[in-house]
Structure formats: structure tokens, C-alpha cells
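For reference, the structure is listed below as C-alpha cells.
The values are calculated or read from the model by the stated rules, or taken from the named source; none is laboratory data. Predicted model only: the values in this text are computed from it and were never measured. Counting neighbours? That spans all protein chains shown, and the Cβs are built from the backbone with ideal geometry, glycine included. Only protein heavy atoms, including side chains, enter the accessible area calculation; ligands, DNA and RNA are left aside. Shrake-Rupley method; radii C 1.70, N 1.55, O 1.52, S 1.80 Å.
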Amino acid sequence: MPSNPVLDPMLNDLLAEVLQRNSDRPLAEASAQRLDETVFIEHLISSTLSVFRKMCGIEVTMLGVPHPGCAIKHFEISGFVGIVGPAQATLAINLPPQFAFKVVEKLTGCCPSTVDADVIDAVGEMANMIAGKTKERLGDQGLTLGLPTVIVGPGHRITFGANMRIHLLRFNSDEGPFQIELGIDIPRC
């Protein structure tokens with residue numbers, strides 16, 4: 001892929017942030033917390049609001065409260081990040097193309113009109129930043145993030161491991177709606 005003078009410095013900054021975020025340095029106040037599903041979801045919500053505000057300048061609000069179970073309808077683009085350690089989790093951010101185009105525009109200044117490599121990269125990075133910020137807020141819990149994966153296409157279905165409890169978080173913004181599905185299993189010791 002050819003070099004992009006606008007995108008390359010931003011990607012380097014994002015890579016540096018991801019590497020720093022995935023380091024083993026715990027946050028003092030968060031590291032004392034016991035890994036708990038409710039706390040995980042609270043940190044996921046606050047991380048989502050923070051990442052969209054700080055990285056994209058998009059104010060998002062959560063619609064209602066987290067719902068148990070999977071979404072009935074999915075938008076065309078989904079970014080996934082797996083989380084392993086004392087908890088097994090999969091975070092899936094699911095958004096319509098028009099919202100993804102706005103995210104790319106806010107991140108890079110480019111205005112895509114089709115789902116291209118920049119859009120796919122941006123959705124994967126948003127999933128990664130939200131998962132990373134959640135991990136950071138949880139402190140030193142021994143969690144490790146997987147690499148982001150993006151699936152594009154109408155009618156795709158998201159499924160989770162048999163032992164995972166599923167939570168649906170719906171959000172809205174001036175740029176449009178999106179949702180996050182979290183599949184999580186925290187074994188009881």
C-alpha cells in the first residue's frame with residue numbers, strides 16, 4: 001500500500017499508544033480492583049465514551065442500560081478484539097458505514113465514500129483503543145488483548161463462546177448510532 005503523508009504519522013502515534021497501553025504498567029487505583037463483570041462493563045462504557053471523544057471529537061451517549069443477549073440487527077461493519085487472561089472476553093463494535101466514514105474523517109481528514117482499507121483499519125483501531133482503555137482502567141489484572149479483526153458485509157452474524165454471557169450496549173451520537181456487544185466469561189475461583 002502506498003504511503004499516506006496524512007495517515008502515516010497518525011498510525012505511528014496510534015501504534016505508540018497501543019504499545020504503551022499494552023505494557024505491564026498497572027494503574028495504582030485500578031490494580032486493587034477485583035475482576036468483576038459489572039466493573040468490566042462500567043469501564044467498557046466509560047472507555048467507549050472517552051475514546052470517541054478524545055480520538056474523534058465525537059460525543060456519544062449510551063442508550064438505556066446494558067441488555068443481556070445479542071443484538072437482533074447488526075450494522076454492516078464489525079470490529080473485534082479478543083481479551084484473554086483471568087477473563088475470556090470478545091468485544092465487538094458494530095457500526096453502519098456512514099458512521100465509520102465519519103470516524104475516518106475525524107481521525108485522518110480523509111472523506112471516504114466506500115468501505116476501503118482506511119475504513120477497515122479505523123474500525124479495527126477503534127475496537128482496539130476501546131478494549132485497551134478498558135484494560136488500562138481495570139488495572140493489573142493479567143489481561144492480554146488480541147489483534148483486532150474487522151468483518152464487513154450486510155447480514156453478518158456475531159456469535160460468542162458457549163460459556164460467555166452476552167451484553168449489548170447501544171450508543172448514539174450526532175454522527176449516528178452504533179453498538180457494542182461483549183461476550184465475557186470470568187471463572188469463579
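Each of Met129, Met164 has its accessible area taken with a 1.4 Å probe; listed largest first, they run Met164, Met129. Taking 0.36 nm per residue of separation and subtracting the current Cα-Cα distance, fully stretching the chain between Asp140 and Ala162 would add 5.2 nm. Along the axis of the charge dipole computed for segment 103-189 (Cβ charges of +1 for Lys and Arg, -1 for Asp and Glu, origin at the Cα centre), the listed residues Val103, Ser113, Phe171 are led at the positive end by Phe171.
Under a crude label model (7 Å from the Cα following the beta-carbon direction), how far is Thr38 from Val65 in nanometres? Each label point lies 7 Å from its Cα, and together they span 1.0 nm. The solvent-accessible area of Lys102, taken with every protein chain present and a 1.4 Å probe, is close to 70 Å².
Using 0.36 nm per residue and subtracting the Cα-Cα separation, the extra length available between Gln98 and Asp185 on full extension is 28.1 nm. Cross-linked pairs Lys54/Lys133; Lys106/Lys135; Lys73/Lys106; Lys54/Lys106: Cα-Cα separations exceed 20 Å for Lys106/Lys135; Lys73/Lys106.
Equivalent-ellipsoid semi-axes for segment 65-189 (Cα gyration tensor, √(5λ), whole Å, largest first): 25, 16, 12.
Surface listing: Arg157, Arg188, Arg137, Arg170 arranged by accessible area from highest to lowest gives Arg157, Arg188, Arg170, Arg137, probe 1.4 Å.
When the residues Asp174, Asp118, Asp140 are ordered by accessible surface, computed with a 1.4 Å probe over the protein chains alone, the sequence from largest down reads Asp174, Asp140, Asp118.
Average accessible surface for segment 36-189: 44 Å² per residue, computed with a 1.4 Å probe over protein heavy atoms with every protein chain in place.
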